[in-house]
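So the structure is just underneath, and the comments pick up after that.
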Amino acid sequence: MLRSLPKLSPLLCSARTTNIPRFLANSLRFVSSAQTITRTKTSTGRIAMTIRSPIRLMSSSTVSSITAEDHVQQPKLLKSTDDDHDGVIVEMDQPMDAATFVLILRSSISHWKQLGKKGVWIKLPIHLASLVEPLVKVTTLISFWYHHAEPKYLMLVYWIPETANTIPVNATHRVGIGAFVMNEKREVLVVQENSGHFRGSGVWKFPTGVVDQGEDICVAAVREVKEETGVSNLVALPIKSFLYFPSEYLINRQSHKSFFDKSDLFFVCMMRPLSSDIQKQRLEIEASRWMPFEEYSAQPFVQKHDLLKYISDVCSAKIDGQYSGYSAVSTSSSFSDQKYYLYLNAGALKSSL
């Protein structure tokens, strides 16, 4: 078979195409118009032909059908829930590379914009902290910013419409408490701090602290007393009333720029103990004791500072029955089934009614 090929070459490569046999001519007519025939003259005077033909995989109608039905897919969107103010909340939970995240985020923002959404809240758990940079650099026109952070997540926000941003700022206040605990001997429970502002000052003060998230004010006061002094059995007493709710003008130093630029609200609660045993907390408390109220009030530090003197005078008026303060009244709300406390002067209200 191989030896016979040279004998055929004159027929295939002859310069005179008129001598091409009929079967070869028919074969050349089989070449479609889409094919390209290249003729090259060799050194021996013969013509070499090269035929290039594109490979057609399928008809154009088939391609169009697949493109329309199989390859056109809706872009992926971030899973979100609506808030009560025409915004959306996204709680990320699955790992995702930055490039993919940005593509999906941009499609999601476009989708939310078409729906008329405004604020976008994205909650990033601590294990997805790598997505913070893509969020704050989505594009030159889209950039999220920090709203607040908690121990296990970071919240970022973005305002979609070209209107004034009405996303509320992060919490602006923290709530502090002071516990005025007096026993039947007219002695008050006081401590000396081994850290903080009063460390080494020799000042005796009421147990104080900060209200935890989701914690009622009176409950926080009971907790702080137990943590600092070990004195407990305060919750069982119904005599728990607010003696003092200072205005910002009265405690300006504490109400603003108090803790990382947050404002501070301070409540003083009066409680009576069922036991007097003291077990101080060694980490924060240098000393603790029961002190006659008059001795506490006479401290130069208390008399020197208006805030502490006012609190002392209020406590004295309460002891003598001249001041009723505010009571924590359990109430309900139409917004949820949870119980709330309304702080008011219940005695004065009852008398007026």
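The values are calculated or read from the model by the stated rules, or taken from the named source; none is laboratory data. Not measured: the values here are computed from a predicted model. Please note: Cβ atoms are built from the backbone with ideal geometry, for glycine as well, and neighbour counts cover all protein chains shown. Surface areas here come from the heavy atoms of the whole protein model, side chains and all, with no ligands, DNA or RNA. Shrake-Rupley method; radii C 1.70, N 1.55, O 1.52, S 1.80 Å.
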Inset, instruction - Might you let me know whether region 312-330 holds any residue that is farther than 18 Å from R272 by Cβ and basic (K, R)? - result: no
Inset, instruction - Report yes if some residue within region 258-281 is in a strand (DSSP E or B), at pLDDT below 85 and polar (S, T, N, Q); otherwise report no. - result: yes
Inset, instruction - Considering only region 214-232, state which residues are in contact with a strand residue (DSSP E or B) (Cβ under 7 Å, 6 or more places away or on another chain) and either among the polar types (S, T, N, Q) or not in a helix (DSSP H, G or I) (or both). - result: D216, T229, V231
Inset, instruction - Could you check region 115-213 for strands (runs of 3 or more DSSP E) lying wholly inside it with 3 or more residues that are over 30 Å from E294 (Cβ atoms) and among the hydroxyl-bearing types (S, T, Y)? - result: none
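Residue by residue, here is whether (1) farther than 18 Å from V138 by Cβ; (2) loosely packed, with under 11 Cβ neighbours inside 10 Å; (3) more than 20 Å from the chain's Cα centre (by Cα); (4) at pLDDT 95 or above holds:
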| residue | (1), (2), (3), (4) |
| --- | --- |
| G45 | yes, yes, yes, no |
| R56 | yes, yes, yes, no |
| S60 | yes, yes, yes, no |
| V88 | no, no, no, yes |
| E91 | yes, no, no, yes |
| A99 | no, yes, yes, no |
Legend entry - Positions within region 185-236 being free of Cβ contacts under 8 Å to residues at least 12 places away in the same chain and surrounded by fewer than 17 Cβ atoms within 10 Å (Cβ to Cβ), in sequence order: H197, G200, G202, D212, Q213, G214, E215
Inset, instruction - Answer yes or no: is there a residue in region 279-287 that is touching a Gly at 6+ places or on another chain (Cβ under 8 Å) and either open to solvent by 90 Å² or more (accessible area, probe 1.4 Å) or outside the structural domain of C269 (by the TED database) (or both). - result: yes
Legend entry - Residue count for region 286-311, restricted to those that are under 44 Å from the mean Cα position of the chain (by Cα) and among the small types (G, A, S): 2
Inset, instruction - Go through region 118-145 residue by residue and tally those that are within 11 Å of the chain's Cα centre (by Cα) and of a type in the set (K, R). - result: 1
Inset, instruction - Go over the candidates Y323, Y310, Y296 one by one and state the one that is assigned by the TED database to the domain that holds N194, part of a loop (DSSP other than H, G, I, E, B) and surrounded by 12 or more Cβ atoms within 10 Å (Cβ to Cβ). - result: Y323
